[in-house]
Amino acid sequence: MPAANDAASVNDQQTVTNLRVSLFPLLFLLLPLAEIAGFVVVGKQVGALATVGLVIASTLAGSILLRYQGLGAMNKVRSAVEAGKDPGLQLANSAMGVLAAILLIIPGFITSIIGLLVLLPPVRALFWRLVGRRVVVAGQFGGGQFSRGGFRREQDDHTIDLDSEDFRRNGKPDENSPWRRLPDE
């Protein structure tokens, strides 16, 4: 019966994936309608001119934040890597800051409220607790590879480093060359 449980699990995962995919277009269509309703409600409370002023202020704040987040993100990641620490948290915070800035730039009060919530450190910490275990940061820096455990030297026996003088094509391989293709072991 374990095979039946595995098949049911795969079907459940496919259903969840299909549900997520099918909800995205619906959300994409409903968000502008909700934003328009937000404009109407806020416009009735504070007036049309103040509503337009709030939208412009939100867009300007998002633009400034986007510039600040973009410049500071790489510095934070670089300092974490230089210290030999996992840059995952810095990358996630920077990505959330950029997301918040983009949400503030999009005209509308709902996206602006969500953007302001994403800027709050407790919301970022909650997001990192929920998603942090699934995030794997891997990249190459200075000939080594960085992963959650820190730096480690790559062990790849199938890579041969050649200079331009070491490689030339003349039709058939030289059997005496130390760079000939070796059979995979």
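Laboratory data are not the source of any read-out in this text; all were calculated from the coordinates shown. In this text, all values refer to a predicted model and were calculated from it rather than measured experimentally. Because the Cβ atoms are built from the backbone with ideal geometry, glycine has one as well, and the counts that use them run over all protein chains shown.
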Taking every other residue with Cβ under 15 Å from the Cβ of Asn93 and scoring Lys and Arg +1, Asp and Glu -1, one gets +4
Of Leu23, Leu91, Leu104, how do they rank once you tally other Cβ atoms within 10 Å and put the fewest first?
Leu23, Leu91, Leu104
Difference of contour (0.36 nm per residue) and Cα-Cα distance, Ser79 to Arg67
2.4 nm
Stretchable slack from Ala57 to Ile113, in nm (0.36 nm times residue separation minus alpha-carbon distance)
18.8 nm
For segment 28-126, the convex hull over Cα atoms projects on average to an area in nm² of 7.0
Linear extension gain, Ala37 paired with Ala125, 0.36 nm per residue minus alpha-carbon span:
28.6 nm
Arrange the following residues from fewest to most other Cβ atoms within 10 Å of their Cβ: Leu116, Leu71.
Leu71, Leu116
